[in-house]
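Each remark here refers to the structure printed beneath this line.
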Amino acid sequence: MKVGTLGLVAGAGALIAVCPAAATLTGIVVVSEPDPYVAGLVRCSVYAEFSKSDDHLVAVCGTVDVPLQISVTGGTFYQHAFGGDLAPLFILQMAFPSLAWDTFVTIGVGPDNNNGADATLLMPPWPGFGPSTLIMTNAGWFVTPADAQGAPDADGRVLLGQFTSDGTGIDGRFLVQFITGGVHMQAAVGFCHSNQEGPCFAGDLDGDNLVTIEDFLLLLADWGPCTECPADIDNDGLVGITDFLALLGNWTVFVDVPTGAEVGADLNGDGVVGIADLLILLSCQGPAQGDCNVADIDGDGTIGVNDLLLLIANWG
């Protein structure tokens, strides 16, 4: 059965056509600090920030419509000899303190709280970190809705990656899936960190790495002649329609993920979408054929990250 695409839309049409429940993802936050062990290295911890304590981050990924790319400018990722692609164990840092500064991805578990029970999973085909990039169009990392580590911490944040480098900057774009008010939602988001001033992308006037109604209201407040205004995106001395269109082109659209029996996420037919179905899907990556046809939830002929996101959204 064909299920509506999970690819995100953008632009003016999206604002008219997509009206999901109010999203509580309020920003992508980067916290940076210099490495005390290796001169010249900077650690950037990237968080998804939420407004409700019962929100839940479940996945970070790249799709054909929304590729994931995290890149270092003018340098390379720091990858510790005893580290991996997930958060290092806390106990190992007693012997190797610099391991706490390793580069890794995660859902909610960092070097200070990894006691060996990290439920973060890497979806195949996991590409691994290159020297200065992490790129994928059909993979990502995730937890199930039952894993408590996807919930926000006391500051309303969920760690989604730690990226340490000797470069002059780091930036990323990717897709996130989260639960708010019991509804699974997706949004294409991004972040950046560098010594340069200004937003990561046109229209992010309040610096939260999202372009939303708050940014639109800031633009309206400066409408008309304006010198050195952040809202003057095209730098012509006037906040007007061209600046509005630039903002609209990067609008953060929140999309509901399809749920219900008609989605067909119960792969083994036992009436529950759970671990057994997840294992079937993960073992069937690639072209849908033979017994693996059942795992092609979105009906596009390929079993990949879109099918995973649908399965997670129909968990239980």
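Miscellaneous remarks
- Shape category assigned to the chain from the gyration tensor of Cα positions, a/c cut at 1.5: oblate
- Contact order relative to length of the chain, as percent, for alpha carbon pairs under 8 angstrom and 6 or more apart: 22
- By the count of neighbouring beta-carbon atoms within 10 Å, fewest first, Phe244, Phe142 end up ordered Phe244, Phe142.
- This ranking places Glu49, Glu262 by how few other beta-carbon atoms lie within 10 Å of each, fewest first, which gives Glu262, Glu49.
- Mean sequence separation of contacting Cα pairs (under 8 Å, at least six apart), scaled by the length of the range 103-153, corresponds to a relative contact order of 45 percent.
- Of Ser283, Ser71, the sequence from fewest to most neighbouring Cβ atoms within 10 angstrom is Ser283, Ser71.
- The overall shape of the range 171-224, judged from the alpha-carbon gyration tensor, is oblate: a/c is not under 1.5, and a/b is no greater than b/c.
- Approximate spin-label separation Leu89-Thr227, in nm, with each point projected 7 Å along Cα-to-Cβ: 6.3
- Straightening the chain between Leu282 and Gln69 buys 74.5 nm, computed as 0.36 nm per residue apart minus the Cα-Cα spacing.
- The slack in the chain from Asn268 to Tyr37, taken as 0.36 nm per residue of separation less the alpha-carbon distance, amounts to 78.1 nm.
- CD proxy at 222 nm, helix term only [per DSSP H run n ≥ 4: -39500 (n - 2.57); per residue of the chain; nearest 500]: -3500 deg cm²/dmol
- With a cut-off of 13 Å on the backbone N, the residues of the range 240-259 near the modelled label site 7 Å out from Asp206 along Cα-Cβ are 252.
- Remark: the Ile275-Ile135 segment gains 47.7 nm on full extension, using 0.36 nm per residue and subtracting the alpha carbon distance.
- Per-residue ³J(HN,Hα) for the range 258-269, Karplus 6.51 cos²θ - 1.76 cosθ + 1.60, θ = phi - 60°, Hz, x for Gly and Pro: x, 9, x, 4, 5, 5, x, 8, 7, 6, 9, x
- Label-zone membership for the range 95-116, site Ala154, 7 angstrom Cα→C-beta point, backbone N under 15 Å: 113
- Amide H partners (placed H, <5 Å) of Gly75, local residues excluded: Thr168
Where a number appears in this text, it was derived from the coordinates with a stated rule and is not lab data. Predicted model only: the values in this text are computed from it and were never measured. All Cβ positions, even for glycine, are placed from backbone atoms using ideal geometry, and neighbour counts span all protein chains on display.
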